[in-house]
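Visitor: Here it is: the structure, laid out below.
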Amino acid sequence: MGKDEIIDNEQINLKLILVSGRTREFQFAPSTSAAEVCQHVFDNWPIDWEEDKVASASLLKLIYHGRFLHGSVTLNALSLPVGKTTVMHLVTRENLPEPNSNDSIKKAKRSSCCRCSIC
């Protein structure tokens, strides 16, 4: 999407950023799931992203506010504003971490010691 293109007020505009720093904007209906976003991007892979192309849409994952989005979550469920641009990271990853897995590890470490930051 070029700078001169207008954002549809009924759509959610996503600016996706790759690890390489390349960006591209796409528009989606609010009911679109994270998996559908990844499939659309894979099917419409930008020419200038060729170096970052993956073999399958299932390897693409979205990160929003520092969290991996599971495939079934919709853009609407994230309360993304229509007619505005929202930034997300698009990364390649085969498996998502278990929800709150890091939190439970940190809690376990804290409860078994003196609560210092080193432990």
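Visitor: If you take just the strands (runs of 3 or more DSSP E) that sit entirely in region 1-71, which of them hold at least 2 residues that are touching a Phe, Trp or Tyr at 6+ places or on another chain (Cβ under 8 Å)?
Guide: In region 1-71, 12-18, 60-64 are the strands (runs of 3 or more DSSP E) which contain 2 or more residues that are touching a Phe, Trp or Tyr at 6+ places or on another chain (Cβ under 8 Å).
Visitor: Does Lys61 fit the bill of being within 24 Å of Gly83 (Cα to Cα) and not polar (S, T, N, Q)?
Guide: Considered against the rule, which asks whether it is within 24 Å of Gly83 (Cα to Cα) and not polar (S, T, N, Q), Lys61 comes out as yes.
Visitor: Would you tally the residues in region 44-80 being within 22 Å of Ala29 (Cβ to Cβ), under 12 Å from the mean Cα position of the chain (by Cα) and loosely packed, with under 11 Cβ neighbours inside 10 Å?
Guide: Qualifying residue count, region 44-80: 1.
Visitor: Take the residues in region 19-75 that are touching a helix residue (DSSP H, G or I) at 6+ places or on another chain (Cβ under 6 Å) and of a type in the set (A, V, I, L, M), then tell me which one is nearest to Thr92 (Cα to Cα).
Guide: Among those that are touching a helix residue (DSSP H, G or I) at 6+ places or on another chain (Cβ under 6 Å) and of a type in the set (A, V, I, L, M), it is Leu60.
Visitor: Now for a different question. Name the pairs: first residue in region 8-32 and surrounded by fewer than 17 Cβ atoms within 10 Å (Cβ to Cβ), second residue among the basic types (Lys, Arg), Cβ to Cβ under 7 Å, at least 6 apart or on different chains?
Guide: Listed by first residue and then by second, the contacts come to Thr23/Lys15; Glu25/Lys15.
Rule-based calculations on the coordinates, nothing more; no lab input. Small disclaimer: the values here were computed from a predicted structure and weren't measured. Heads up, the Cβs are rebuilt from the backbone with ideal geometry, glycines too, and the neighbour counts pull from every protein chain shown.
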